[in-house]
Amino acid sequence: MGRFQIEFYERGNGEQPARDFIDSLDKKMRAKVLMLLTLLQDNGHELREPYSKYLSEGIFELRAKAGTDISRVLYFFYVDHRIILTNGFIK
């Protein structure tokens with residue numbers, strides 16, 4: 001299995017909601033999310049809970065926790081080993 005490439009979904013106006021979300025996180029949570037993105041790149045479809053969870057209709061969530069803070073980043077798989085990050089939120 002080859003390494004996956006992570007890309008950010010971009011709206012017509014150039015905004016990248018997932019990148020903006022990750023950039024807005026505090027240092028500790030951002031480090032956790034970036035570590036999980038590396039795991040996702042390395043493991044792709046094989047990454048499972050507690051790090052990743054399938055939601056429905058091809059959408060997955062990356063599950064980050066730092067202390068009592070919980071963040072989620074939504075993504076889907078695309079052709080040629082690409083992963084598209086769409087959005088993120090604090091749970």
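The values are calculated or read from the model by the stated rules, or taken from the named source; none is laboratory data. Model, not experiment: these values are computed from the prediction. Every residue, glycine among them, receives a Cβ derived from its backbone with ideal geometry; neighbour counts consider all protein chains shown. Please note that ligands, DNA and RNA were not included when accessible areas were found on the heavy atoms of the full protein model with its side chains. Shrake-Rupley method; radii C 1.70, N 1.55, O 1.52, S 1.80 Å.
Worth pointing out:
- Surface calculation, 1.4 Å probe, protein heavy atoms: D42 sits at approximately 70 Å² accessible.
- Summed residue charge, Cβ within 12 Å of D26's Cβ, Lys/Arg positive, Asp/Glu negative: +2
- Amide H to amide H, with H built 1.01 Å from N, S52 comes under 5 Å of R63, counting only residues 5 or more places away or on other chains.
- Mean accessible surface per residue for the stretch 1-63, computed with a 1.4 Å probe while every protein chain stays in place, in Å²: 65
- Computed [θ] at 222 nm, helices only, for the chain once each DSSP H run of length n ≥ 4 contributes -39500 (n - 2.57): -8500 deg cm²/dmol
- In this rough spin-label picture, where each label sits 7 Å from Cα along the Cβ direction, the T38-E15 distance is 3.1 nm.
- Estimated vicinal HN-Hα couplings, Hz - the stretch 75-88 in sequence order (Karplus 6.51, -1.76, 1.60; Gly, Pro = x): 7, 9, 8, 10, 4, 6, 6, 9, 10, 9, 8, 9, 6, x
- Extension gain, L55 to H81: 0.36 nm times the residue separation minus the Cα-Cα distance gives 7.4 nm.
- Evaluated at q = 0.10, 0.11 Å⁻¹: base-10 log I(q)/I(0), Debye formula over Cα of the chain: -0.23, -0.28
- Placing pseudo-labels 7 Å out from each Cα toward the beta carbon at D69 and K27 gives an inter-label distance of 1.2 nm.
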